[in-house]
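Visitor: My structure is below; once you've seen it, I'll send some questions.
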Amino acid sequence: GLDVGRRRERRAWRGRGADDEARPPFDGGAHLSAPATPVAGARRIVVKVGSSLVTDEGRGLDAEAIGNWSRQLAELARQGRELVMVSSGAIAEGMKRLGWATRPRDLHDLQAAAAVGQMGLVQMYESQLRGHGLRSAQVLLTHADLADRERYLNARTTLLTLLGLNAIPVINENDTVVTDEIKFGDNDTLGALVANLIEADVLVILTDQPGLSSADPRKDPLATLVREARAGDPPLERMAGGAGSAIGRGGMLTKVLAAKRAAGSGADTVIASGREPDVLLRLAAGEPIGSALVAAQGKQAARKQWMLDHLQLRGAVTVDDGAAAKVRDEGKSLLPVGVTAVHGDFERGDVIAVRSTDGSEIARGLANYSASEARRIARQPSSRIAELLGYVYELELIHRTNLVRR
Ligand code: GLU
């Protein structure tokens with residue numbers, strides 16, 4: 001299960017946008033008496049729904065199902081939770097609109113169908129979410145966007161800004177420019193990448209199965225539902241090895257792999273049936289539905305490790321004693337005004353070191369500005385960034401959520 005320390009970390013976590021006054025305070029599920037599920041204690045939740053659910057097995061967009069999730073999202077938003085929807089279904093809806101009875105093999109046809117169907121998909125989400133008093137926003141992403149440092153930071157900041165505006169991002173893969181999820185994933189991987197990107201507490205994968213089974217239930221009558229396991233445990237991949245449903249590409253294997261990936265940023269994953277009545281509300285109320293694949297380490301530890309292990313240092317800044325104390329002792333953001341020197345030639349989104357006046361490294365983090373921009377705004381108050389550069393990415397050179405203290 002989840003240890004108390006992790007939940008405390010979650011409760012203490014206040015990401016960007018979480019300070020919005022319109023959002024009610026979130027108590028991290030502390031009011032619950034039922035056994036806590038990963039969703040109960042989660043503030044930031046990514047919900048992923050696959051094509052077969054969204055389109056009722058390919059019959060066309062299921063207004064009732066999307067309306068049901070929208071109603072539940074509205075209730076979860078009232079509880080003070082931050083929500084992101086990752087939805088496929090563009091191809092299935094596009095095929096219907098184009099009058100195609102069978103899924104084509106030609107990737108260009110599938111990409112065209114996705115472009116046709118995406119119109120209907122977002123239209124449906126927009127009207128259903130609006131009907132429940134929620135703002136929504138369309139975001140189309142690719143894996144490559146998230147591998148690129150600058151695009152990663154842009155996508156992250158946009159999504160966190162949307163959450164701060166109480167708008168629900170409805171995300172799909174940008175099928176016009178890539179074919180990853182069309183070929184393999186049915187957006188399971190994208191769901192995990194989004195969970196990584198915004199450091200979600202939990203990824204909920206809604207599917208047409210009750211969860212992860214110990215064996216293929218169609219072949220093995222002794223198959224049982226996996227209630228809880230550690231995300232990334234090798235036996236899970238063997239259990240999930242069978243084939244998926246006919247509409248989407250993703251079977252259980254892509255879901256188990258998505259859980260492993262989500263765990264990389266400390267997010268737990270729940271795989272549950274999207275047809276279960278009020279599944280999101282019941283999970284949030286602490287009812288264990290489906291399979292919980294729990295991350296081995298918490299979000300902050302995971303992020304720290306990711307930043308230190310995977311990213312190469314591209315430059316550094318020297319900061320004055322005041323800024324050093326704020327960053328090192330209080331975990332505050334680094335503002336340009338505290339920067340006395342800029343070293344190296346880094347880009348926005350690169351990892352840079354923060355050094356105190358004696359040259360020792362006190363922290364590392366993702367730079368919001370390139371080295372040449374940083375040189376122009378160094379020693380200046382953030383209120384002057386617009387005038388000095390002509391634009392503002394952020395008021396901070398490194399935001400505290402992108403900063404790891406040494
Ligand atoms: N992005 C695709 C969609 O929304 C993935 C799903 C699929 O391959 O059917 O349709």
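Visitor: Helix-only estimate, please: 222 nm mean residue ellipticity of the chain, summing -39500 (n - 2.57) across DSSP H runs of length 4 or more and dividing by its residues, to the nearest 500.
Guide: -11000 deg cm²/dmol
Visitor: Just to confirm the number: angle between the C-alpha axis of helix 252-263 and the first principal axis of the chain, 0 to 90 degrees, nearest 10?
Guide: Once rounded, one gets 20 degrees.
Visitor: Also, quick follow-up: What's the FRET efficiency of Arg379 with Ala147 using the Cβ-Cβ distance as r and R₀ = 25 Å, to the nearest 0.05?
Guide: About 0.15, to the nearest 0.05.
Visitor: Suppose R0 equals 35 Å. What FRET efficiency, 1/(1 + (r/R0)^6) with r the Cβ-Cβ distance, do Met119 and Ala386 give to the nearest 0.05?
Guide: 0.45
Visitor: Another question about this same structure. Measure nothing but the geometry: give the 0 to 90° angle between the long axis through the Cα atoms of 107-131 and the longest principal axis through the Cα atoms of the chain, rounded to 10°.
Guide: 80 degrees
Visitor: Considering only protein heavy atoms and a 1.4 Å probe, what is the carbon-and-sulfur percentage of the accessible area of the chain?
Guide: On the chain, the fraction of accessible area on carbon and sulfur atoms equals 50 percent.
Visitor: Between Thr340 and residues 5 or more places away or on another chain, which pairs have amide H atoms under 5 Å apart, with H built 1.01 Å from N, and which residues are they?
Guide: Thr318, Val319, Asp320
Visitor: Additional query: Sort 171-177, 254-260, 212-218, 356-362 for me by packing, meaning the mean count of neighbouring Cβ atoms within 10 Å per residue, highest on top.
Guide: Working: 171-177: 21.0, 254-260: 26.4, 212-218: 16.3, 356-362: 13.0.
With the highest mean Cβ count within 10 Å placed first, the list reads 254-260, 171-177, 212-218, 356-362.
Visitor: Turning to a different aspect of this structure: Give me the percent relative contact order of the chain, please, defined on Cα pairs under 8 angstrom at least 6 residues apart.
Guide: Numbers: 886 pairs, mean separation 62.3, N = 406.
About 15 percent, as a whole number.
Visitor: Of the listed peptides 334-343, 197-206, 319-328, what is their order by residue-averaged count of other C-beta atoms within 10 Å, with the highest listed first?
Guide: Most protected by this proxy first, the peptides run 197-206, 334-343, 319-328.
Visitor: Turning to a different aspect of this structure: When the Karplus curve 6.51 cos²θ - 1.76 cosθ + 1.60 is applied with θ = phi - 60°, which whole-Hz ³J(HN,Hα) does each residue of region 286-302 get, with x for Gly and Pro?
Guide: Residue by residue, region 286-302 yields x, 7, x, 10, x, 10, 9, 10, 8, 6, 6, 10, x, 4, 5, 4, 5 Hz.
Visitor: Compare the peptides 42-49, 61-68 by average per-residue count of other Cβ atoms within 10 angstrom and give them in order, highest first.
Guide: In decreasing order of mean packing, 42-49, 61-68 become 42-49, 61-68.
Visitor: I'm checking a number: the convex hull volume of the Cα atoms of region 140-225, normalised per residue, in Å³. What is it?
Guide: 124 Å³
Visitor: Could you tell me how many degrees, from 0 to 90 and to the nearest 10, lie between the Cα long axis of helix 321-330 and the main elongation axis, the longest principal axis, of the Cα atoms of the chain?
Guide: Once rounded, one gets 30 degrees.
Visitor: For the chain, with equal point scatterers placed on the C-alpha atoms only and solvent neglected, what are the log10 I(q)/I(0) values from the Debye formula at q = 0.07, 0.12, 0.13 1/Å, to two decimals?
Guide: Debye curve over Cα of the chain, log10 I(q)/I(0) at q = 0.07, 0.12, 0.13 Å⁻¹: -0.34, -0.95, -1.09.
Visitor: Mind listing which trypsin sites (Lys or Arg not before Pro) in region 105-202 are in a DSSP loop and have 10 or fewer other Cβ atoms within 10 Å?
Guide: Here the trypsin sites (Lys or Arg not before Pro) that fit, given the DSSP loop and packing criteria, are Arg105.
The values are calculated or read from the model by the stated rules, or taken from the named source; none is laboratory data. None of the values given here were measured: they were computed from a predicted structure. For neighbour counting, all protein chains shown are included, and Cβ atoms are generated from backbone atoms with ideal geometry for every residue, glycine included. Note: areas computed on protein heavy atoms with side chains; ligands, DNA, RNA excluded. Shrake-Rupley method; radii C 1.70, N 1.55, O 1.52, S 1.80 Å.
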